[in-house]
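Quick notes on the structure that follows.
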Amino acid sequence: MRLVAVALVKNEADVVEAFVRHTLAWVDHLLVLDHDSTDGTREILRALRREGLPLQLFTDDALGYLQEFRTTHLARLAAREAAADWVLPLDADEFLCGPDRAALEAELAAARPGHSRSLPLLNYLFTEADPADEANPALRLRHCQPQPSTTRKVMIPADLARSDDVVVTMGNHVLVRDGQPLPDQPLPADFYLAHLALRSAEHQVLRVVVPQLQKFSEGLAHSDIGTHNRLGFQLLAEDPDLFFAATRRPARDLPARAVPYRGGTLRYSAGRGGWQRLARALVPYLERLALSHGRLAATAGAASPESNPVIRELDDSADPGLAAPGFSGFTATAGFGPPEGPVPEAFLPVFHWGYAPATTLAIETAVAGPGRLVADLLTYSAGQTLTIALNGTILHEQGVPRINQKERLAVDLPLRPGRNELTIGYREALATERDPRRLAVIYLSLHVLQENPPAR
C-alpha cells in the first residue's frame with residue numbers, strides 16, 4: 001500500500017523539519033505547499049529535499065489563506081500523479097501516532113467502500129517545565145490535554161481523492177461532495193495526531209494575528225470563518241497581559257505524555273524559534289498587505305487625508321471604560337458556574353460560565369443608591385440575547401452579534417436598601433452529550449459597582 005501525505009505550511013520554521021522527518025517515517029511520499037513563508041521555513045524544506053528525501057515542494061502567489069482549495073488540489077495530485085492508495089492531509093504541527101505502519105495499513109485496507117478514515121487530535125501545550133534548550137518541539141512539549149479533542153482529521157482513499165467533485169473542507173475535518181459530507185470511519189483509539197499548535201507564547205501571537213489579517217484583507221471581517229482566533233486577536237490588541245496569561249497552563253495541571261517521535265535528529269532547525277521568528281514571519285506579511293492596500297487605494301483614486309482636519313475635544317460619552325479583571329460585588333445564587341481555565345487553545349483566561357435560562361446574583365447595599373453592572377463576556381451561540389432585570393423589573397436587553405467575540409455589558413442599577421436580586425436571562429444555550437450543562441455565555445469579568453457600601 002502506498003501512502004502519501006500532503007501539507008500546507010506557512011512560517012513553521014520551528015517545527016517543519018521535525019514534521020517532515022517524522023511523517024516520512026510513516027508514509028512513502030510527502031507533498032508540501034509553502035504559502036509564502038518568510039521565517040526560514042522554505043529554506044529548511046529545500047535543505048530536506050536536497051538530502052534526497054521523497055519530498056515535493058509547491059507554492060502559489062495568492063495572499064489569502066485558501067486552505068480548502070490548496071489541500072484539495074494537493075490531494076488530487078497525490079492520488080493522480082504520486083500513485084497514492086491513501087492520502088493523509090496533515091498540518092505541520094500534527095504528528096501521526098499509532099502502533100506502527102503495518103497496523104495503519106491493515107486498518108486502511110479494512111475501510112468500508114466510499115468511506116474516509118479519521119483520527120482525533122491530542123493537543124499538546126507548552127509549560128514552564130519544557131526544556132528551553134530543546135529545539136525539537138516534538139521532544140520539548142511533554143504535557144497534553146487529558147483526553148483527545150472531539151475534532152477529527154480525515155485520511156482519504158484514492159478513489160475519493162481523484163474525484164473532481166470531492167472537496168477536502170477547511171481544516172481537513174471532513175470530505176464533501178455537492179455540499180454533503182461523505183461518511184467517515186474512525187480509526188481505533190490508539191491512532192491519533194499529536195497536535196503541537198500551542199508551542200510558545202510567540203507562536204500564539206503568530207497563530208492569531210496572521211489568520212485574522214487574512215480575513216480582513218479578503219473582506220471577511222464580519223464573517224464566521226476562523227472564529228476560533230477572534231477572541232485571541234481581541235485580547236492581544238486590547239489586553240496583552242491577559243492574552244499571555246491565557247496562553248499557558250501549569251505543568252501540574254496536565255498529564256505528562258511524550259510524543260512518540262520517529263523522525264530522528266534535526267539538522268536545520270537550531271535557532272529557528274522565539275521572537276526572532278515572529279518578526280521574520282509577521283513584518284514581511286504586514287508589508288505585503290499594506291502595499292496591496294496602497295495599490296488598491298491608488299487605483300480607486302481614494303482621497304488624500306484632509307489638509308485642514310477639525311480638531312475637537314475628546315469626550316467620555318462613548319467611553320466604556322476599562323473593566324478590571326476578576327469578579328466582585330455580588331453573590332451568585334443560581335446559573336453561575338465555578339471558575340474554569342485557563343484554556344490556552346481557546347485563548348481563555350480564568351472564566352465562569354453563565355447557565356441558561358438565567359444567572360441570578362444577590363447584591364447587598366446599605367442604602368438606596370446607584371450601582372452599575374460591568375461585565376466582559378462572549379458566547380458560542382449565534383443569536384444570543386441577554387435580558388437584565390433588577391428586582392423583577394427589566395432594565396436592559398442586549399444582543400451579542402458574533403460568536404467568540406468579547407463584548408462589554410454595562411447597565412446602571414437603581415439599587416434599593418438591603419438585598420437586591422439581579423437576573424441575567426439568556427435566549428440561547430448549548431448543551432451536548434459531552435457537556436449537558438446549558439451553556440449560555442462565558443464571563444471573563446463581572447463586577448457590580450456601588451456608590452454606597454454594602455450592608456453589614
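The values are calculated or read from the model by the stated rules, or taken from the named source; none is laboratory data. Here the structure is a predicted model, which is why all the values come from computation and not from measurement. Neighbour counts are summed over all protein chains in view; Cβ atoms, including those assigned to glycine, are modelled from backbone coordinates with ideal geometry. Accessible surface areas use protein heavy atoms only, side chains included; no ligands, DNA or RNA. Shrake-Rupley method; radii C 1.70, N 1.55, O 1.52, S 1.80 Å.
Candidates (1) -0.85, -1.01; (2) -0.98, -1.11; (3) -1.05, -1.28; which is the computed log10 I(q)/I(0) by the Debye sum over Cα atoms at q = 0.11, 0.12 Å⁻¹? Working out log10 I(q)/I(0) by the Debye sum over Cα atoms at q = 0.11, 0.12 Å⁻¹ from the coordinates points to (2).
Considering only beta bridges that DSSP places wholly inside the chain, some 70 percent are antiparallel. Note on ARG427 and ARG50: with the Förster distance fixed at 45 Å, the Cβ-Cβ geometry gives a FRET efficiency of about 0.15.
Per residue of the chain, the DSSP helices (runs of n ≥ 4 H) give a summed -39500 (n - 2.57) that works out to -7000 deg cm²/dmol at 222 nm. Solvent exposure of the stretch 365-424, expressed per residue, is 41 Å² of accessible area, with all protein chains present and a 1.4 angstrom probe.
The residues of the stretch 236-286 expose on average 60 square angstrom of accessible surface per residue, using a 1.4 Å probe on protein heavy atoms.
Accessible surface of the chain, 1.4 Å probe: 54 percent of it comes from carbon and sulfur atoms. Excluding ligands, DNA and RNA, the accessible surface per residue across the stretch 1-66 is 32 Å² with a 1.4 Å probe. Here the stretch 83-238 carries DSSP beta bridges of which approximately 70% are antiparallel, counting only pairs with both residues inside.
Rolled with a 1.4 Å probe across the full set of protein chains, the surface gives PHE330 an accessible area near 40 Å².
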